[in-house]
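The values are calculated or read from the model by the stated rules, or taken from the named source; none is laboratory data. A quick note: this is a predicted structure, and the numbers were derived from the prediction, not measured. Here the Cβ positions follow ideal geometry from the backbone for every residue, glycine too, while neighbour counts run over all protein chains shown. Ligands, DNA and RNA are stripped out before the accessible areas are found, and what is left, the full protein with its side chains, is counted by its heavy atoms. Shrake-Rupley method; radii C 1.70, N 1.55, O 1.52, S 1.80 Å.
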Amino acid sequence: MTHEPTLMFVDARPAERTEVVSIYSPLHAAGDAQPHRVALIGTFAPRKCGIATFTTDIFEQLKKWHPEIALDVYALDDPQAPLDYDGVAGTIAQPSLKDYRRAARRINASGADAVWLQHEYGIFGGPDGAYVRELVDRIAAPLVLTLHTVLIEPSAHQREILEHLLTRASRVMVMSEYARDVLIERYGADPEILQVIAHGAPDRPFGREGIFKAAMGVSGRKVLMTFGLLGPSKGLELAIEALPTIVARHPQVLYRIVGATHPTLMARDGESYREGLQALAQRLGVADHIAWDNRFLDTDELLDQLEACDVYITPYHNLQQSTSGTLSYAVALGKAVVSTPYVHARELLADGAGALIEPKSSAAIAAAVNGLLDDPAALTTMQRRAYARGRTTIWPRFAAASAELIAQAVAPEPRAAPLGATPGLSALFAMSDGTGMLQHGIGAVPDRRHGYCLDDNARALMVVNVVSGLAADERAKWQAVYASFVQHAWNEDAQKFRNFMAFDRRWCEDVGSQDSNGRALWALGQTVETASDPALQHWALGWFDKVRSAFDEMAYPRTVAFAMLGASAVLRTTPAHAGARELLARGGDLLARLLDGARRPDWAWFEAVLGYDNPRLAQALIEAGHLLDRPDWRDAGLESLAWIAQQQRSANGQFRPVGSESFGVSGAPLPFDQQPLEAQAAIEAARSAFVASGDRRWIDHANAAWQWYFGANDRGTVLADLATGRCRDGLTPRGANENCGAESILAFQLAHYSMLAMAADAADESTGDALEPGLRSAGFPVANP
């Protein structure tokens, strides 16, 4: 048999004159601290709502206290009342599904290290704000959530949305211990990702009421205050009903109700709620003791008005409210607070930092306020306690906690893997027995419940054909096991391969998937090319000839591509093999026609959607063009491979395989879940492209895909273990899938030996160092010139 060295897999230990270096080329120079870039999503100033104020506060306080964090704001906007946003990276039209997708693409292209999303059901489009899922499903960077509302009794749809967000989040910020407990107990959230960070607040001196009362023209008055968007949930009617009792004891009292009517209420009912409150005050004879300020104040003016008050009142009806920005502000400024016991108030006002009262009781409000105004010493004591409590929430502390939250979410820099190189085989053999290789694992332990499949045993045969450091008798033993499985899978009656076998060796079907049939033929061809035992090569070629005709009627693109790769391997060994040449020509014609039919200006691909093992289609066309002297096919394959490679690279140059959630779905690829099989396919297709073109960029692309296994990925998570040869089953939004199945282990092993083969190809193609750096940085032995 003859061999074409430039496409052979390498089956040898590193030679004596080789150099082994680190798996990683440094992404940044040592000591070169890289600032984090964070995409900040929420409503934003000048929009007038509490979350817009909070998002703006995050932006301003991190910019002030942690300028090393670059923030790109993506502001949720209402196209019915559009606003001008100063200095934002982009806007998202609340009701536009396309805008959420467009924003995700922009964020991914920006190279953001993390995305910090403010969540409240009402600020996103769709029922219960469901459009937020379109955004988070497309974001590749780690997601940080701030949950402004955690419902203890959500609707089924609200629960579904929040649980979906929790599966995507790397870190979740809440502002109360109660909200954290609800997430764990009611939503099954992972406690490890939850962080309680109290709402931030300003740092101003204590006890300046007189100065600000004078500025407002209310010197000598005892000032009560409530601030916020007006609506029935605020309970302001209770505070007004308490005023006659308060004013009877303290005629100098002035109650300041500050804030615009809530926009939703305003759109539906106009000012009827405010007018009803004013009519109530008139009936009770306290209208002269109320000052209305019908505005949404900017933060500085709000703080000035808060400084002028003695007692801050929050008589809210909703006891599940887990955060109130104005409550945080009032406490931090040292105001005595009288409040119903909603969640945030219970935690912030504990231990005498405020007065908690019975809900829905005007008498309780009157008693609490009068008790404080009757006893100036008690009032001052509560104010000082509040001020002391507020020191724990001032902006520098909030900013520090926020910076730490981001740092915890951001993927770490890839770590250098151990020098040297070859993956162990213990994981491969732990998954195998005398029948073949088991499909799945639970963690690192084989799971017998799902038995075996042809797909994995065909790939296992390919691995043992090329692994280095395996004794000849051991190699022969395992080649026989896996080859026997492939042979036994053939159903003579159906003239097709079966795929799934139960652990008790019962076949679960008469005919397996087209893909499993294609992979079986591929493994046979690869065995012809790479097996060191002539008898095994002869067996493989005989079976290749026996089953080849079964593929005449198969037209599924990936099945055709897999079969073509097997035929290519046969042709590299036996160039005159007519059957392999015919199969390769028929497949090349099919793929070329598919590519021509599906191509668009922005879509150089074979199908209207992306699926699994995408690079195999281009790889098969490249190899067909290279071996059959069809430069048109070769060039079309190279062009399509370059296109899919571009889809699978992040803004910072890391490999980002098309996620499994994208398979069969139109539009831009989704980033998760990322599978080891996709990295293997990228590496092997890049090798074919390099051999066919000599273009050095394919070495770089293969290196990026190889580094993906070791942490150069969207979560900085190491998936592969060199010592055992184990590989975890993929990368999810929350990190690694800890299971280690056959497909993942085999993909890692085959990727390694394809990288070795590319090193050999590079050494064959060049006598200098020009092609070696990318391979050296990948940690593979490269022959010295």
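Which residues does a label at Ala651 reach in region 703-740, if reach means a backbone N under 17 Å from a point 7 Å past the Cα toward the Cβ? Inside the label zone: 713-716.
A Förster radius of 60 Å combined with the Cβ-Cβ distance from Ser549 to Glu60 puts the calculated FRET efficiency at roughly 0.25. Toward the positive end of the charge dipole of the chain, with +1 on the Cβ of Lys and Arg and -1 on the Cβ of Asp and Glu, the farthest Cα among Leu236, Ala520, Asn703 is that of Leu236. Rg then Dmax, both in Å and based on the Cα atoms of region 429-561: 14.4, 41. I need the fraction of alpha carbon pairs in region 223-286 separated by more than 16 Å, rounded to a whole percent. Considering region 223-286, 46 percent of its Cα-Cα pairs are separated by more than 16 Å. Ranking Ile211, Ile139 from most to least accessible surface, computed with a 1.4 Å probe over the protein chains only, gives Ile211, Ile139.
Which angle between 0 and 90 degrees, to the nearest 10, do you get for helix 236-249 versus the longest principal axis of the chain when only C-alpha atoms count? Long axis of 236-249 versus the principal axis of the chain: about 30 degrees. Eigen-decomposition of the gyration tensor built on the alpha-carbon atoms of region 72-183 gives equivalent ellipsoid semi-axes of 23, 17, 13 angstrom, largest listed first.
Sorted largest first, the principal axis extents computed over the alpha-carbon atoms of region 285-342 equal 32, 31, 21 Å. Which value, in Å² rounded to 10, gives the accessible area of Asp300 with a 1.4 Å probe and all protein chains present? Solvent-accessible area, nearest 10 Å²: 100 Å². With the simple spin-label model, which puts each label point 7 Å out from Cα in the Cβ direction, the Leu284 to Thr299 separation comes to 3.3 nm.
For region 601-617, putting each phi into the Karplus relation 6.51 cos²θ - 1.76 cosθ + 1.60 with θ = phi - 60° gives couplings of x, 10, 8, 9, 9, 7, 10, 6, 9, 9, x, 8, 6, 3, x, 5, 5 Hz, in residue order, rounded to whole numbers and with x for Gly and Pro. Positive end of the charge dipole of the chain (Lys, Arg +1 and Asp, Glu -1 on Cβ, about the Cα centre): tell me which of His344, Ser170, Ala608 has its Cα farthest that way. Of the candidates, His344 comes out farthest on the positive side. Across all directions, the shadow cast by the convex hull of region 492-555 built on its C-alpha atoms averages 5.1 square nanometres. The string of couplings for region 129-144 from the Karplus curve (6.51, -1.76, 1.60, θ = phi - 60°) is x, 5, 5, 4, 5, 4, 7, 5, 5, 9, 7, 8, 5, x, 9, 10 Hz, one whole number per residue in order, with x for Gly and Pro. If R0 equals 60 Å, the separation of the Cβ atoms of Ala81 and Ala642 corresponds to a calculated FRET efficiency of about 0.85. Normalised by 2.2 N^0.38 Å, where N is the number of residues, the C-alpha radius of gyration of region 119-214 stands at 1.37. How much accessible surface area, in Å² rounded to 10, belongs to the heavy atoms of His317 with a 1.4 Å probe? Estimated to the nearest 10 Å², His317 gives 60 Å².
To the nearest ten degrees, helix 514-530 and the longest principal axis of the Cα atoms of the chain are 50 degrees apart. Amide H to amide H, with H built 1.01 Å from N, Trp490 comes under 5 Å of Arg498, counting only residues 5 or more places away or on other chains. Protein-only accessible surface at a 1.4 angstrom probe places the residues Phe124, Phe429 in the order Phe429, Phe124, largest first. Per-residue surface analysis assigns Val609 an accessible area of about 40 Å², computed on protein heavy atoms at 1.4 Å probe radius. For region 433-444, 3J(HN,Hα) computed residue by residue from phi via the Karplus equation (6.51, -1.76, 1.60; θ = phi - 60°) reads 9, x, 7, x, 9, 5, 6, 10, x, 9, x, 9 Hz, glycine and proline entered as x. Take the Cα of Ser468, step 7 Å toward its Cβ, do the same at His157, and the gap between the two points is 6.0 nm. The aspartates and glutamates within cross-link reach of Lys64, meaning a Cα-to-Cα straight distance under 18 Å and a gap of 8 or more places when in the same chain, are Asp72, Asp86, Asp203, Asp300, Glu404.
Rounded to the nearest 20, the size of the Cβ-charge dipole of the chain about its Cα centre is 1360 debye, with Lys and Arg at +1 and Asp and Glu at -1. Panel note: the C-alpha atoms of region 343-399, placed on their principal axes, show extents of 40, 27, 15 Å (largest first).
Length available on full extension from Arg600 to Ser272: 0.36 nm per residue minus the Cα-Cα distance, which gives 112.4 nm. Pair-distance distribution of region 97-147: all C-alpha pairs, bin width 5 Å, starting at 0; shares per bin in whole percent are 5, 22, 30, 27, 13, 3, 0. With Cα atoms defining each centre, region 152-218 and region 510-543 are spaced 59 Å apart in the structure. Would you please give the residues with an amide H less than 5 Å from that of Leu40, counting only those at least 5 places away or on a separate chain, with H modeled from the backbone geometry? The list, which skips near neighbours in sequence, is Asp72, Val73, Tyr74, Trp116. May I ask for the percentage of alpha-carbon pairs in region 647-708 that lie more than 14 Å from each other? In whole percent, the share of Cα-Cα pairs in region 647-708 beyond 14 Å is 55. Over the chain, DSSP H runs of length four or greater, each weighted -39,500 (n - 2.57), average out per residue to a 222 nm ellipticity of -14500 deg cm²/dmol. Accessible area ranking (1.4 Å probe, heavy atoms, ligands and nucleic acids excluded), largest first, for Trp539, Trp65: Trp65, Trp539. The mean sequence separation of alpha-carbon pairs under 8 Å and at least six residues apart, normalised by the residue count of the chain, gives a relative contact order of 14 percent.
Bridging of Lys360 to aspartates and glutamates at a Cα separation below 12 Å is possible for Glu237, Glu241, once same-chain residues fewer than 8 apart are set aside. Of the beta bridges in the chain, as assigned by DSSP with both residues counted there, near 30 percent are antiparallel. To the nearest 10 degrees, how steep is helix 676-693 against the longest Cα principal axis of the chain, on a 0 to 90 scale? The angle comes out at about 50 degrees. Within region 471-487, find all residues whose amide N lies under 13 Å from a label point positioned 7 Å from the Cα of His538 along Cα-to-beta-carbon. Taking a point 7 Å out along Cα→Cβ of His538, no residue of region 471-487 has its backbone N under 13 Å. Inter-label distance, Ala608 to Val511: 2.6 nm, where each label sits 7 Å from its Cα along the C-beta direction. Normalising by residue count, the chain has a Cα convex hull of 173 Å³ per residue.
Each of Ala751, Asn465, Pro67 was placed along the dipole of the chain (beta-carbon charges, centred on the mean Cα), and the one lying farthest toward the positive end is Pro67. For the Cα trace of region 552-673, dividing Rg by the Kirkwood Rh returns an Rg/Rh value of 1.00. Listed by chain and number, the lysines placed with their C-alpha closer than 22 angstrom to that of Lys213 are Lys222, Lys335; residues fewer than eight positions away on the same chain are left out.
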